[in-house]
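Have a look at the structure below, then the notes.
The values are calculated or read from the model by the stated rules, or taken from the named source; none is laboratory data. Treat the numbers as computed from the prediction; the structure is a model and nothing was measured. When we count neighbours, we look across all protein chains shown, and the Cβ atoms used for this are built from the backbone with ideal geometry, even at glycine. All accessible areas refer to the heavy atoms of the entire protein, side chains included, with ligands and DNA or RNA removed. Shrake-Rupley method; radii C 1.70, N 1.55, O 1.52, S 1.80 Å.
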Amino acid sequence: MERLIVSPSPHIHSGDSVKKNMYGVIIALLPALAASLWFFGIGALIVTLTSILACVLFEHLIQRYLLKKPSSVMDGSAAVTGLLLAFNLPTNIPIGLILIGAAVAIGIGKMSFGGLGQNPFNPALVGRVFLLISFPVQMTSWPVPVVSRSSYLDATTGATPLSIIKEGLGTGKPFSELATEIPSYLDLFLGRMGGSAGEIAGIALLIGLIYMLIQKIITWHIPVTVVGSVVIFTGLLNLIDPTSYANPLFHLLTGGLLLGAFFMATDYASSPMSVNGMLLYGIGIGIITVLIRTYGAYPEGISFAILIMNAFTPLIDKYMKPKRFGEKVATQKA
Amino acid sequence: MSVVLITIVTLAGLGAIAAVILYLAAKKFQVFEDPRIDKVEEALPATNCGGCGFPGCRAFAEALVKADDISSMNCPVGGADTMSSVAAILGKEAGSAKPQIAVLRCNGSCEHRPKLTNYQGASSCAVAAALYGGETGCSYGCYGCGDCVVSCQFDAMYMDEATGLPVIIEDNCVACGACVEACPKDLIELRNKGPKSRRIFVSCMNKDKGAVAKKACAVACIGCGKCHKVCPYEAITMNNNLAYIDYEKCKLCRKCVEVCPTNSIHELNFPPRKPKVEQETPEQAQAE
Amino acid sequence: MQQKIGGQNVLKTFSLGGIHPSENKRSADRPVEILPVPPVVTIPIAQHIGAPATPIVQKGDAVKVGQVIAQSSGFVSANIHSPVSGKVEKIDDVVDASGYRRTAILIKTEGDEWEASIDRSPDIKKEITASAEEILQRISAAGIVGLGGATFPAHVKLSPPPGKTCDILIINGVECEPYLTSDHRLMLEKGEEMLIGVQLLMRALKVEKAIVGIENNKPDAIHHISQLCQAIPGVSVQPLKVQYPQGGEKQLIDACIGRQIPSGKLPIEVGAVVQNVGTAFAVYEAVQKNKPLIERIVTVTGLSVKKPGNYLARIGTPMADLIEAAGGLPEDTGKVIGGGPMMGKALTSIDIPLTKGSSGILIMPREIASRKPVENCIRCSKCVSVCPMGLSPYLLMTLAEKAIWDRAEEEKIMDCIECGSCSFTCPSSRPLLDYIRLGKGKVGQIMRSRTK
C-alpha cells in the first residue's frame, strides 16, 4: 500500500476551480458574441479573435520570458480579458490598435501587478480607456448594425444613440423629440444600434448574467446595484426635467451599461469582497456613470466609473467588513 | 501685465507665509535626539535583521547610546569590528562575543529517515507542525517545508532537493537567528563558529528511546552515552536520550565523533584525518 | 415548527454562510453491529479536551470492565474506565493519530467480566430518581465527554458559571458532516433511551425546555423522535434545512432558536446548552444503568469501502479492526480520516486506537483525497460568502501567512470555528483553513500571555 496522505481538514473540495469560473464567464459572453457577429459581421469576428489571441499570447510571453514562471494561460483569464476588451472596441478598429490595447491590458493592467487576481483595475478596461484617450477618432467611429455585413475597416459608420442624445440635448432639443431619431426600445434591447462589439444586445447580456448567477460565478449584488442606481438616478433627473434628461429605460439599454454592470464591474480581482462593500461599489459605479453621461464630456461613462470605483476597492475592503456572526447579539434572549 | 504681477505677488506671498509656518512648526515641534544615535546607526550594518534582539538597527543604536554598559550587547552581523567601532563612538567598552553561526541539528535526510505518510497541507513547517509529527517516524525532525529558508534574508540557506533538508551557507550566515525563530521544531541552533570555523555538534534532536529513534532514522542519536563517557572535557551532557555538546567547553578533540555508533555527531571544516583513522570512519566525508 | 414563507415550507437554518457538500451517507440504513472485544486495547490518557487523566493502575493489575483506570486530574478533565476485563500489559508512550508519542494504557483482554454495579439488563429504565446533583456527579464519574467529536468534558458544560442561567437545552442530532451516520442510527435505534438522557440533562440543568435539532436529510429520525417526544413534556424536534456546519454549537443555537452568541462567548451567554445525541445516550447509560463511557457507535465508511456500516465498539479498539469489519482497506485508499471529511483528522496509520471522540472512520480514495495545486487568490469572495461566522478567510490567511498577528486579532481570527467551508469552496484550492488555524494558535497564545 502506498503511503497515507496526511493533510489538515477539510478533506473534501467543492471541485470549483479558477478554470471553471473563467470558462463560465466565456460561455456567458457567447450570446453577446453571437449578437455581435449577427449585427457587425466579419468586423466583430476579426476584432474578437485578434483581441483574444493577442491577450493570451502576451500573457504567455510575459510569463515565460519576462517572469520566467510556468505559463498559466490555460486558466482562461487572459481569454476573458481579451474577449471583454474586444467587446469594448468598435468593430472597424485596425488590428494594430487592438494589439496595443491587448498589450496595455495584459502587460500594464494585469501582469505588472502580479498577474491573476492581483490587478487593482479591470485589465480590459485599462486597455480600452488607454485606446480611447490615445486614439479618440478610431475609438469613436461606430459601424452601424447591418445584418451579415462583410466589410471590416470600411464599414459604414454612424453615431450611437448615446451620442445622438447627448449632442441633441446639448443643443437644447427636448428629449421627446430626440427619441424619434434613435431606434425603438425593442431594437435597443435586441441590439440593433451602433456601439462597441459586445455591448449592443441587452437581451444577450441578460442571458449571460442569468447563466453566471445560476452557475454561482458571481452574486447578484454588483449587477443589480449598478443597474438599479442608474435607473433610480436617471429616473429622478427625468422626473425633475423630462425635456433635458433622458428617461431611465434609454440609459439602461444604450451604451455599455449592461456589459459593464454584468461583466466588467463584477471582475473578481478589482471588486470588493464583502456584500456591503459590493453594494456600495455598485451604487458608486451607477452614480458616476450617470454623472459622466449627463454632465461629462464623454457620452458614455461606465468604463471610467468602473475604473474609479476599482480604485476605491481597497478602501471599501478595509472599512466594509462582512456582517459578523453574533453582532446582532443576544438581545433576542427571551 | 497686471495679471502677471498679481500672480507673482500672490505666489510669493503664499510662499513666504508657508515658509514662516514651516519655520515656526519646526521650532515648536523639534525633538532633541542624541546625535550619537545617527553616528552609531551609521556604524551598524543596516540589515535590520533583528539579530541583536531589537527591532531594527535604529532601535539598537538608541539602546546602545542609552545603555551604560554595552559589553553584553552584540550585533551578530557586524561582529567584533562593528562593536568596537560603536564602542569607540560612545566611549564605552565593547563586549567580546564570539562570532556565531547557525547549525542544523537534524540529519534525517530522505535516505536516512524513510517517509511513512505523505503530507499535502499548506507548504509551511508551522502548519505541518500544528497538524502532526511529520512524514517520518521521527516527530522531532525536520519537516522540510523550508520556513527557515524563507525567513533568511541573507541568502544563507537553501533546501537540498536530494536530502530534503536545509543547508546553511557558512559564508553568508550572520547568525541573526531568524531561522532559529522560524523553525517550529527548534532544530537550528546558534553555536560559536569556532577557530577556523571548526565545530562539532550533535545533529539530532530526537528524544525518543534508542530503539524507537533508530527505527525512525538511521542517523538518530540513540542516547547511548558513549560520547559522554569518552569526552575528556565534560562538554557532553545526556538528557532525555539525547546528547548535547556545550560549545563553550568543547575543545574540538573529535573523540566523540569517532565513538558515535550512528554518526549523529558532526564535525565541520576539519582537515582530513590520518589514513588509519579515516578507514575507521569513512562516514566522515559524508558528514562534511 | 416550520415557518411558512410565501406559502412554502421554509426550513430553519443558521443565518450566515454555509455550504452543502455531497452527503454520501452510504451507511445510513445499516443497523449498528456490535464489534467483538479485541485481544488488546490501547487507552490513551488524553482523550478529551483539558488535562490528561492520571493513570491509577500499574503493569500487571487485573481490571474489570467499567473500572476506573485513569482518574480525572482537574475540573476540565475526565475519568477513563477500562473497556475490557484483563491485565494491564504496560503503560507506555504510543504513537497517536498525529504521529506524536503520548502516554497510553495497554490492556490484554481476558474474558469479559463487568463491574457488578453496572446494570446490563436490556430493559429501559424510565423513571428518573436521581437529583440534579446526583446526575452531574454520575456524569462526571462516568467520564462522559462531548461525543460529537469535540470531546469537551460533559459535566463542565452542565455546570453554568455563577451569574449565568440556562433556559433551554439543545440536543444536536444534526450530523452535518457528510458520510457519517452514527448519530442517525443512534436516534433510530436508541431513541427512547436517548430521550431519557435528554430528560436527565434537563433536570441537571434545571430547564423546562429542550429541542432536538435534526437535519431534513434524516426524515425517518425526525419522524421517530417526534413521535417519542409527544409523550415527553417540554421536548420537541426541530427539523432543519441541510446545511453545513449546522452541527456547530453556535450555528445550531442560531438555527433552532435564533439567538446568536456574541464573539468570544460561550453558548451559556444566550442561555443555551448544547449536547450531542450520543452524549445524551451516554448520560442515560451512566445515570440509569450505572455504566461508564466504555464504548461508542462508530461509522466506518468511504466511497470504495466494501461494507460501510455502523459499529458499537469498545474504546481502545484498533482502527484496523473496525476497518476489517467493514471489508478491509480498499486498494485505492489514499487517506484515512478519524471523523468526518470536513473537520476530521487525517490519520498517520490505522494501528491507532478508537477514542471517545471518534465518531467515524472515513476512508478516502487517493484521487479525492489528494489536494489540488494552489493557485493565486482571484478574490472571488466565495470564502467570505460561505463563512458561517462572517469572517474574511482570504484576509485571515494572508495575515497568518505574513505573521501579522495584531491585525489577525482585530479581524476576529479567534471567532473561526474551523469548519473548513472556506477551503472547501475556494476555486484556487488555497489552504485557507491551514493558515487560519495556525494563526488562531499564535493569536491565542499572544492573548493568553497578555492576561497573565
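Brief remarks follow.
- Cross-link pairs exceeding 21 Å in C-alpha to C-alpha distance, out of C:157/C:190; C:25/C:218; C:126/C:164; C:241/C:306, comprise C:157/C:190; C:126/C:164; C:241/C:306.
- Burial ranking of peptide ranges B:201-210, A:254-263, B:31-40, C:25-34 (average Cβ count within 10 Å, highest at the top): A:254-263, B:201-210, C:25-34, B:31-40
- By the Kirkwood approach, averaging reciprocal distances over each pair of separate Cα atoms, the stretch B:84-184 gets a hydrodynamic radius of 15.3 Å.
- Magnitude of the charge dipole, the stretch C:382-451, Cβ model with Lys/Arg +1 and Asp/Glu -1, debye to 20: 100
- Average partner coverage of A:272-281, which counts Cβ from other chains inside 10 Å: 3
- Peptide B:40-49, shielding by other chains (average Cβ, 10 Å cutoff): 0
- Note on chain A: with a GNM built from Cα contacts shorter than 10 Å, the maximum mean-square fluctuation among A:120, A:314, A:322 falls on A:322.
- q = 0.13, 0.20, 0.22, 0.23 Å⁻¹, the stretch A:19-138: log10 I(q)/I(0) [Debye, one scatterer per Cα]: -0.46, -1.06, -1.24, -1.33
- Reduced Cα scattering model of chain C, Debye log10 I(q)/I(0), q = 0.07, 0.12 Å⁻¹: -0.34, -1.08
- Taking amide H positions as modeled 1.01 Å from N, with prolines and chain starts lacking one, no residue 5 or more places away or on another chain lies under 5 Å from residue A:199.
- Mean partner shielding of peptide C:253-263, defined as the number of other chain Cβ atoms within 10 Å of each residue Cβ, is 4.
- In chain A, taking the dipole from charged Cβ atoms about the Cα centre, the farthest positive-side position among A:269, A:171, A:42 is held by A:269.
- Ranking A:295, A:23, C:284, B:119 by solvent-accessible area of protein heavy atoms (1.4 Å probe, all protein chains present), from largest to smallest, gives A:295, A:23, B:119, C:284.
- Zone residues, the stretch C:390-427, relative to residue A:113, backbone N less than 13 Å from point 7 Å out along Cα-to-Cβ: none
- Per DSSP, loop GluC sites (Glu not before Pro) in the stretch C:176-243 with at most 14 further Cβ within 10 Å: C:208
- Mean shadow area of the stretch B:35-90, taken as a quarter of the surface of its Cα convex hull (nm²): 3.1
- Using the Cβ of residue A:104 as centre and a radius below 14 Å, the other residues enclosed give a net charge of +1, where K and R count +1 and D and E count -1.
- Between the stretch C:343-378 and the stretch C:162-235, the Cα center-to-center distance that results, in Å: 29
- Residues residue C:73 and residue C:117, FRET efficiency given R0 of 22 Å [Cβ-Cβ distance, rounded to 0.05]: 0.40
- Residue B:6-residue C:351 pseudo-label distance in nm [points 7 Å out on the Cα-to-Cβ vector]: 9.5
- In sequence order, calculated HN-Hα J values of the stretch B:61-72 (Karplus, 6.51, -1.76, 1.60; Hz; x Gly/Pro): 4, 4, 5, 5, 5, 6, 5, 7, 10, 9, 5, 8
- Taking one quarter of the surface of the C-alpha convex hull of the protein assembly as shown gives a mean projected area of 58.1 nm².
- GNM flexibility winner over chain B from B:121, B:53, B:164 (Cα, springs under 10 Å): B:121
- Residue A:27 paired with residue C:370, simple spin-label distance in nm, labels 7 Å along Cα-to-beta-carbon: 2.5
- Part-to-part distance (alpha-carbon centres) for the stretch B:121-148 and the stretch C:104-155, which is given in Å: 38
- For residue B:206, distant residues with modelled amide H under 5 Å away: B:221
- Spacing of the two label points (7 Å from each Cα toward its C-beta) at residue A:65 and residue B:234, in nm: 7.1
- For the protein assembly as shown, adding -39500 (n - 2.57) for each run of n ≥ 4 DSSP H residues and dividing by the number of residues yields -11000 deg cm²/dmol at 222 nm.
- The calculated FRET efficiency for residue A:244 paired with residue C:10, based on their beta-carbon distance and R0 = 45 Å, is about 0.40.
- Total charge dipole magnitude, the protein assembly as shown, about the Cα centre, Cβ charges on Lys, Arg, Asp, Glu only, Debye to nearest 20: 840
- Based on alpha carbons, the Rg and Dmax found for the stretch C:162-304 are 14.8, 52 Å.
- Counting Lys and Arg as +1 and Asp and Glu as -1 over every other residue whose Cβ lies under 14 Å from the Cβ of residue A:196, the net charge comes to -1.
- Label point at residue B:42 placed 7 Å out along Cα→Cβ; residues across the stretch B:80-102 whose backbone nitrogen lies under 17 Å: B:82-91
- Counted by Cβ distance under 12 Å from residue C:280, the other residues give a net charge of -3, where Lys and Arg count +1 and Asp and Glu count -1.
- Over the C-alpha atoms of the stretch A:160-319, the Rg to Rh ratio, Rh being the Kirkwood estimate, stands at 0.98.
- Most positive-pole-ward Cα, B:203, B:244, B:232, against dipole of the stretch B:100-287 from beta carbon charges: B:232
- Here the dipole of chain A is about 1040 debye; that uses its Cα centre as origin and unit charges on the Cβ of Lys and Arg (positive) and Asp and Glu (negative).
- Cysteines in chain C that lack a partner Cβ within the 4.7 Å cut-off: C:166, C:176, C:229, C:256, C:377, C:380, C:387, C:416, C:419, C:426.
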